[in-house]
1. Determine which member of the set THR110, THR60 is without any contact (Cβ under 8 Å) to a residue 60 or more places away in the chain and farther than 18 Å from TRP130 by Cα.
2. Anything in region 79-94 that is out of contact with any helix residue (DSSP H, G or I) (no Cβ under 6 Å at 6 or more places or on another chain) and buried (at least 20 other Cβ atoms within 10 Å of the Cβ)? List them, or say none.
3. Identify, by number, the condition in (1) among the polar types (S, T, N, Q); (2) surrounded by 21 or more Cβ atoms within 10 Å (Cβ to Cβ); (3) farther than 16 Å from LYS39 by Cα that ASN71 doesn't meet.
4. When residues of region 33-49 are filtered for being within 12 Å of ALA97 (Cα to Cα) and over 16 Å from the mean Cα position of the chain (by Cα), how many remain?
5. How many of the residues making up region 80-97 are without any contact (Cβ under 8 Å) to a residue 40 or more places away in the chain and either under 12 Å from the mean Cα position of the chain (by Cα) or within 25 Å of GLU46 (Cβ to Cβ) (or both)?
6. Please indicate, with yes or no, whether at least one residue in region 109-117 is more than 13 Å from VAL18 (Cα to Cα), of a type outside the set (D, E, K, R), modelled with pLDDT of 95 or more and within 16 Å of the chain's Cα centre (by Cα).
7. Do you know which residues across region 52-68 are more than 25 Å from ALA123 (Cα to Cα) and assigned to a loop (DSSP other than H, G, I, E, B)?
Amino acid sequence: MSDSGFDMGLEDASQAGVYGVGDGDLGGLAAAARDAGLKVLRIDLEECADKRTLLMRIGTQLDFPPGWSRNWDALSDALRDMSWLPANGYALLFSQAGDLRGASPADFDTLLDVLSEASTRWAEDKVPFWAFFELPQGGEEDAGDEEE
């Protein structure tokens, strides 16, 4: 049981991944993630409409090292490293994700893929790496469960 009164299993790396949540759910998730000993990192995607803006916001909010190349490969490398932000695990909370999803579905899907790959890589080391996307549909439609 966590300090927040319930145990979500966020410390379990084998369950970590990419998930969609409803509007207003990120606050409770942030508290639960902190209770589980995870580093909570928030990324605001309000009015984010393209890859350039997306990568800039992620790099800024996650305090990527200077000189990182703003492309998908560099994002993938950085998310699988995180040595500049050492922690027992990570919870990335993306607010207003529906803005990016609506404006640039291809970039949104690529981001989901990159985050899913990072989560799988961290799970190999038994480190939980979660990404939660605040979406209008919330729990009705997972961010990362779309069939290919």
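The values are calculated or read from the model by the stated rules, or taken from the named source; none is laboratory data. Just so you know, these numbers come straight off a predicted model, no measurement behind them. Because the Cβ atoms are built from the backbone with ideal geometry, glycine has one as well, and the counts that use them run over all protein chains shown.
1. THR60
2. Answer for region 79-94, where residues must be out of contact with any helix residue (DSSP H, G or I) (no Cβ under 6 Å at 6 or more places or on another chain) and buried (at least 20 other Cβ atoms within 10 Å of the Cβ): GLY89, TYR90, LEU92, PHE94.
3. Status for ASN71: all satisfied but (2).
4. 2
5. Within region 80-97, the first condition is being without any contact (Cβ under 8 Å) to a residue 40 or more places away in the chain, and the residues that meet it are 81-84, 86.
With the extra rule that they be either under 12 Å from the mean Cα position of the chain (by Cα) or within 25 Å of GLU46 (Cβ to Cβ) (or both), the set shrinks to 82.
Going through region 80-97 one residue at a time, the tally reaches 1.
6. The answer is no, given that none of the residues of region 109-117 is more than 13 Å from VAL18 (Cα to Cα), of a type outside the set (D, E, K, R), modelled with pLDDT of 95 or more and within 16 Å of the chain's Cα centre (by Cα).
7. PRO66, GLY67, listed by residue number.
The rows are residues; the columns are (1) closer than 18 Å to GLU117 by Cα; (2) buried (at least 19 other Cβ atoms within 10 Å of the Cβ); (3) in contact with a His (Cβ under 7 Å, 6 or more places away or on another chain).
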site	(1), (2), (3)
GLY27	no, no, no
ILE43	no, yes, no
CYS48	no, yes, no
GLN61	no, no, no
ASP77	yes, no, no
